[in-house]
Amino acid sequence: MSQQIPVSALQAQCECIIRSLGSDEKTAHRLAQMGILPGNHLRIIRIAPLGGTIEVVVGQGQNFALRQEEVAAMLCDVVAMPLVSELVIAGQNYRIRTLLGGKTFRRRMEKQGLQEGDLVQVNNTGEKPFPVHLVESGEDVELGEGEAKKIIVEVTAGGPHS
Amino acid sequence: MVPTPESLTIALGAIPNSGKTTLFNRLTGASQSTGNWPGVSVEKKSGSFVLGEYSITLIDLPGTYALSPATKEEQVVHDYFLQSPPDIILNVVDARNLYRGLGLTLQLALSGLPMVVCVNMIDEARRQGVVPDVKVLSQHLGVPVIEISAKTGEGIPELRAALYEVIKHPGKTRPPHMSCPPLIEKAFVELAENITRAEIASRLDPTFLAMRLLEDDRPQQWLQNDQVTTIARRLRQQLEQTLKTSMPVACADCRFNAARGLTLEAMHRQPVPEDPLSKTLDRIFLHRWVGLPIFFLLMLLLFQGVYGLGTPLQELLASVFDLAGSWLAQIKPVTALPVWLQSFLLEGLWQGMAVVTSFIPLIALFFIFMSLIEDSGYMARAAFLMDRLMHCLGLDGKAFISILLGYGCNVPAVMGTRILSSNYSRVMTMLLIPFTLCTARLQIFIFLTAIFFSPAAAPWIIFLLYGFSFFAVISMGLVLKLFNIGGRPEPFIMEIPPYRLPLVRSVGFRAWHELKDFLSRAATFIMVGVMLVWFLIHMPIDAQPASDASWAGHLGQAFAPVFEPLGIGWQETVALIFGFIAKEIVIGGLAVIYGGTDPALLTGHISALQAMSFMLFCLLYTPCVATIAAIWAESRSIKITAISLGSGLVFAWITSFVFYQAALFLGFH
């Protein structure tokens with residue numbers, strides 16, 4: 001389902017497929033001109049230290065700086081996001097795409113039973129520590145917010161976003 | 001008999017960051033000239049070189065992503081191609097990033113004009129193991145494709161040979177095919193047929209014209225054929241309704257699809273690896289906590305590099321000119337001249353030359369450091385970091401650096417606005433730079449605060465003046481934005497290029513050309529300004545210079561009612577006229593006017609409050625003739641130059657008035 005991503009959900013590692021460039025024709029024209037087009041994947045790399053401006057990588061690996069209003073105006077299909085993102089819908093299945101961070105972090109997550117490729121669910125968003133339900137083993141684990149930030153999940157086929 | 005060389009025009013077009021300028025320098029060497037494209041502050045560079053029996057004019061078009069105009073630069077390139085198509089097109093693409101460049105290449109190839117494509121940075125591409133197959137590209141595009149490295153000079157002879165071949169045997173070019181959705185293709189065909197039928201005289205391919213017509217909002221501006229433009233408008237409306245996207249977006253989509261396909265074929269489906277160095281460097285330079293401190297550190301280095309090195313050199317040159325001037329004043333042929341002529345030669349002409357020369361080290365250093373920052377790719381990062389701050393003025397982050405450098409000297413800072421990405425940013429920034437407290441003004445403030453305030457208070461006054469200058473820049477920015485001066489802000493979409501090692505050759509080239517440019521464009525203006533001031537101060541001949549009998553004195557007295565409410569007497573007004581040459585002269589000017597040699601005698605003539613009002617006026621009014629000359633040279637617009645002069649004077653007057661009257665009201669005197 002295509003949606004506009006609210007400004008507050010524009011976080012690093014969010015990824016989506018652009019469906020429409022937004023209603024402002026001038027901006028749309030300019031985006032298209034530079035090769036940011038409907039159908040392209042767009043992934044947020046980082047937010048500027050002062051906020052407001054974001055760096056994205058589009059399609060075949062081109063990096064751009066954009067303002068968040070311009071991205072928020074686009075219609076997108078969300079593909080991936082950090083586990084803490086407000087885009088994550090409670091009670092839905094997500095697949096772990098990447099565990100950011102070093103070896104220690106991976107090992108710690110593995111001990112908890114979290115690995116890349118696993119299916120997870122988040123039940124009560126907004127709570128700390130962060131409760132995560134492991135779909136395959138049926139177990140529930142609790143993660144710190146910092147840990148959950150480093151877990152990037154993707155939307156599964158037939159899931160809520162598709 | 002030697003045949004007269006035939007002159008031909010080649011247009012060099014490419015997307016930004018593809019090494020276009022390096023190639024331009026490579027081909028034309030020293031024979032370059034710069035100007036502006038008519039009506040906009042977009043730089044126009046052209047150069048010449050000889051190719052066999054032909055003399056070639058090479059036009060460096062602004063870097064653009066496509067021919068469908070979304071920015072002023074793109075409008076310039078678009079109009080150029082449609083109104084005065086060049087004899088040959090030379091297009092450059094980055095070998096490591098074919099996909100990005102090929103969109104424009106396809107558009108250009110469709111024009112039907114003879115064309116040569118260079119695949120640039122082939123040496124770096126080889127190092128990364130991503131070498132495109134130029135044969136495949138050439139086959140698809142229907143034009144010669146040459147591997148080159150503008151940096152090392154590799155492939156340049158082959159490129160010249162290919163251009164020569166194209167001139168000698170133009171032949172019929174075969175425009176490439178670009179598949180679009182059937183509906184759009186049908187519209188192209190229908191419109192092209194109409195264009196052919198209307199027998200529009202153009203060297204451009206009818207299908208190319210049809211594409212431009214369908215993407216253009218105002219085709220009647222370049223095609224005087226109502227019948228065709230009406231059909232185009234109707235077709236566009238139908239298409240946009242059916243496809244539910246605007247034509248420029250739909251066309252960009254088919255262009256990039258074609259480019260993607262062509263890239264895959266040319267690379268034999270080998271994926272392009274990402275640049276690991278840029279990724280690592282960005283993790284540091286754009287880091288959430290470390291990024292900004294590094295930025296400010298680099299800005300400090302930049303500032304120190306330009307002004308720490310430049311200002312002493314500037315002073316050195318000034319003292320050389322002073323020494324030579326006093327030597328000249330004593331030699332026989334000069335002393336034999338009438339006194340007024342001596343004064344004109346030494347204080348008018350010689351002084352003017354001194355002012356012009358004193359900017360040379362600053363401008364050279366400024367552009368050396370700016371090129372380093374720009375060519376390395378850090379400029380885009382700086383723009384990213386500072387964007388939020390400048391966004392409120394409708395400017396992007398690059399403008400921050402220009403304005404910051406104004407705090408050293410306004411002249412190079414104004415010249416540096418040409419690196420900004422949009423016409424709006426350039427105009428806004430060059431109008432804001434004059435409100436920055438440059439080092440010349442700082443000299444006045446240091447001097448006046450030292451004689452009017454206690455040593456403990458003086459630094460605070462200077463600090464307040466700096467604070468007020470920041471405030472002036474921001475408030476003026478908001479006012480100018482309100483009046484839409486310079487058009488509307490452009491949406492900020494900036495490519496972040498990979499980091500690159502700057503080339504000493506091109507950095508040197510740049511500095512040298514900017515200097516040449518400054519001397520040819522601004523020097524006359526500065527000389528005229530300085531001499532004008534000389535006349536005001538020294539005429540009529542029998543009057544004491546700068547006295548109440550001189551023209552400047554008359555002018556000062558005529559304006560006395562205007563300046564009186566600011567607490568500025570006619571004598572100080574004359575000093576402000578002096579300040580038009582260069583702010584450094586204001587103090588000396590005051591001394592001359594009050595007829596003393598010791599400027600500290602000033603305390604007997606004006607109060608501390610009046611001095612403060614005078615300083616505020618100095619901070620805000622027209623910086624100096626050189627800045628005005630630079631604004632004029634950059635904008636080529638009398639309107640913008642006049643706005644700069646006017647806004648400075650009005651803002652200065654209001655500020656001093658409010659300050660002085662409020663202080664009087666509160667009982668200070």
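Which of the lysines could a cross-linker bridge to B:Lys72, judged by Cα under 25 Å and excluding same-chain residues fewer than eight apart?
Candidates past the 8-residue exclusion: A:Lys26, B:Lys20, B:Lys44, B:Lys45, B:Lys398, B:Lys481, B:Lys639.
Which one, B:Leu602, B:Val650, B:His554, is farthest towards the positive end of the dipole of the protein assembly as shown when Lys and Arg carry +1 and Asp and Glu -1 on their Cβ?
B:Val650
To the nearest 10 degrees, how steeply does helix B:458-482 sit against the main Cα axis of chain B, on a 0 to 90 scale?
Result, in degrees: 40.
If I take every Cα pair under 8 Å that is 6 or more residues apart in chain B, average their sequence separation and divide by the length, what percent do I get for the relative contact order?
Values: 969 pairs, mean separation 70.7, N = 669.
Averaging sequence separation for qualifying contacts and normalising by length gives 11 percent for chain B.
Which of the peptides B:413-419, B:263-269 is most tightly packed, and how do the rest follow, judged by the mean count of other Cβ atoms within 10 Å per residue?
Values: B:413-419: 25.0, B:263-269: 16.3.
In descending order of packing, they fall as B:413-419, B:263-269.
Rounded, prolate or oblate for the stretch B:435-546? Axes are the square roots of the Cα gyration tensor eigenvalues, ordered a ≥ b ≥ c, and the cut-off for rounded is a/c under 1.5. If you can, show how the numbers build up before the last one.
Working: a/c = 1.78, a/b = 1.29, b/c = 1.38.
Verdict is oblate for the stretch B:435-546.
Need one value for B:384-393: mean number of C-beta atoms belonging to other chains within 10 Å of its residues' C-beta atoms. Before the final figure, lay out each step's value.
Working: counts 11, 5, 4, 9, 8, 4, 0, 5, 1, 0.
The mean count of partner-chain Cβ atoms within 10 Å per residue comes to 5.
Separation between the B:Ser319 and B:Ile485 pseudo-spin-labels, each 7 Å from Cα along Cα→Cβ, expressed in nm?
3.9
Between B:Arg197 and B:Ser520, how high is the FRET efficiency from 1/(1 + (r/R0)^6) when r is the Cβ-Cβ distance and R₀ = 51 Å? Nearest 0.05. Please list the in-between numbers first.
On the way: r = 49 Å, r/R0 = 0.96.
Using R0 = 51 Å, I get an efficiency of 0.55.
Hey, can you rank B:372-383, B:186-197, A:144-155 by average C-beta count inside 10 Å, highest first? Please list the in-between numbers first.
On the way: B:372-383: 20.8, B:186-197: 17.5, A:144-155: 19.1.
The densest-packed peptide leads the list: B:372-383, A:144-155, B:186-197.
Could you calculate the contour length gain from B:Ser7 to B:Gln224, that is, 0.36 nm times the residue separation minus the distance between their Cα atoms, to one decimal place in nm?
75.2 nm
So which cysteines of the protein assembly as shown have no other cysteine's Cβ under 4.7 Å from theirs?
If one checks each Cβ against the other cysteines of the protein assembly as shown, A:Cys14, B:Cys118, B:Cys251, B:Cys392, B:Cys409, B:Cys438, B:Cys618, B:Cys624 turn up with nothing under 4.7 Å.
According to the square roots a ≥ b ≥ c of the eigenvalues of the Cα gyration tensor, what is the shape class of the protein assembly as shown, taking rounded for a/c under 1.5, prolate for a/b larger than b/c otherwise, and oblate for the remainder? Walk me through the numbers before you get to the answer.
Values: a/c = 2.19, a/b = 1.43, b/c = 1.53.
Verdict is oblate for the protein assembly as shown.
Could you work out how far helix B:156-168 tilts from the main Cα principal axis of chain B, as a 0 to 90 degree angle to the nearest 10?
Long axis of B:156-168 versus the principal axis of chain B: about 70 degrees.
Counting only other chains, what is the mean number of Cβ atoms within 10 angstrom of the Cβ of each residue in peptide A:22-28? Numbers along the way, then the final one.
On the way: counts 0, 0, 1, 4, 6, 5, 7.
Whole-number average of other-chain Cβ neighbours for A:22-28 is 3.
At a threshold of 8 angstrom on Cα-Cα distance, excluding pairs fewer than six apart, so keeping six or more, what relative contact order does the stretch A:47-162 reach in percent? Before the final figure, lay out each step's value.
Working: 180 pairs, mean separation 32.5, N = 116.
With pairs under 8 Å counted, the relative contact order is 28 percent.
Let me have the relative contact order for the stretch B:6-168, percent, based on Cα pairs under 8 Å that are six or more residues apart.
22
Amide H of B:Ser55 versus every other amide H placed in the peptide plane: which residues, excluding those fewer than 5 positions away on the same chain, fall under 5 Å?
Sorted by chain and number, the residues that satisfy this are B:Glu6, B:Ser7, B:Leu8.
For a label point 7 angstrom out from the Cα of B:Val658 toward its Cβ, which stretches of the stretch B:561-579 have the backbone nitrogen within less than 19 Å?
Of the residues in the stretch B:561-579, B:563-568 have backbone N under 19 Å from the label point off B:Val658.
Indicate the gyration tensor shape class of the stretch A:83-155 (rounded, prolate or oblate), computed on the Cα atoms with a ≥ b ≥ c the square roots of the eigenvalues: a/c under 1.5 is rounded; otherwise a/b larger than b/c is prolate and the rest oblate. Walk me through the numbers before you get to the answer.
Numbers: a/c = 1.39, a/b = 1.27, b/c = 1.09.
Rounded, because the longest to shortest axis ratio a/c is under 1.5.
Could you calculate the contour length gain from A:Lys26 to A:Phe105, that is, 0.36 nm times the residue separation minus the distance between their Cα atoms, to one decimal place in nm? Mind showing how you got there, number by number?
Values: separation 79, 0.36 × 79 = 28.44 nm, distance 4.47 nm.
Extra length available between A:Lys26 and A:Phe105 comes to 24.0 nm.
Take every DSSP beta bridge whose two residues both sit in chain B, then give the antiparallel share in percent to the nearest 5. Display every interim value, and only then the final one.
Numbers: 13 of 33 bridges.
For chain B, the DSSP antiparallel bridge percentage is about 40.
Which value in deg cm²/dmol, rounded to the nearest 500, describes the helix-derived mean residue ellipticity at 222 nm for chain A, given -39,500 (n - 2.57) per DSSP H run of n ≥ 4 and division by the residue count?
Mean residue ellipticity at 222 nm (helix-derived): -4500 deg cm²/dmol.
Taking a cut-off of 17 Å between Cα atoms, list the aspartates and glutamates near A:Lys128, but don't count ones fewer than 8 places away on the same chain.
Those aspartates and glutamates meeting the cut-off are A:Glu86, A:Asp140, A:Glu142, A:Glu145, A:Glu147.
Sketch the reach of a paramagnetic label on B:Leu501 as a point 7 Å from Cα along Cα-to-Cβ, and name the residues of the stretch B:378-396 whose backbone nitrogen lies under 20 Å away.
Once the point is set 7 Å along Cα→Cβ of B:Leu501, B:378-379 turn out to lie under 20 Å by backbone N, inside the stretch B:378-396.
Give the lysines reachable from A:Lys103 as a straight Cα distance under 17 Å; neighbours fewer than 8 places away on the same chain don't count.
Within the straight-line cut-off, A:Lys103 pairs with A:Lys111, A:Lys149, A:Lys150.
If you take each beta carbon of peptide B:500-507 and count the beta carbons of other chains within 10 angstrom, what is the mean? Intermediate results must be reported in sequence, preceding the final value.
Details: counts 0, 0, 0, 0, 0, 0, 0, 0.
Going residue by residue through B:500-507 and averaging, the value is 0.
If you count, for each residue, the other Cβ atoms within 10 Å and average over each peptide, how do B:223-229, B:244-250, B:96-102, B:357-363 line up from highest to lowest? Mind showing how you got there, number by number?
Details: B:223-229: 14.9, B:244-250: 19.7, B:96-102: 24.1, B:357-363: 21.6.
Order by mean packing, descending: B:96-102, B:357-363, B:244-250, B:223-229.
Please give the helix B:291-303 orientation as an angle from the longest Cα principal axis of chain B, in degrees from 0 to 90, rounded to the nearest 10.
Around 60 degrees separate the two axes.
Chains A and B: how much accessible area gets covered up at their contact, both sides added, probe 1.4 Å, in Å² to the nearest hundred? It would help to have the intermediate numbers written out before the result.
On the way: alone 8650 and 29870 Å², together 35110 Å².
It comes to approximately 3400 Å² buried between A and B.
If each DSSP helix of 4+ residues adds -39,500 (n - 2.57) and the sum is divided by the residues in chain B, what number results at 222 nm, nearest 500 deg cm²/dmol? The partial results should precede the final answer.
On the way: 31 runs with 398 residues, N = 669.
Using -39500 (n - 2.57) per qualifying helix, the result is -19000 deg cm²/dmol.
The values are calculated or read from the model by the stated rules, or taken from the named source; none is laboratory data. Bear in mind the structure is a predicted one, so any value in this text is a computation, not a measurement. Cβ atoms come from the backbone with ideal geometry, glycine included; neighbour counts cover every protein chain shown. In case anyone asks, the SASA skips ligands and DNA or RNA and just uses the protein heavy atoms, side chains included. Shrake-Rupley method; radii C 1.70, N 1.55, O 1.52, S 1.80 Å.
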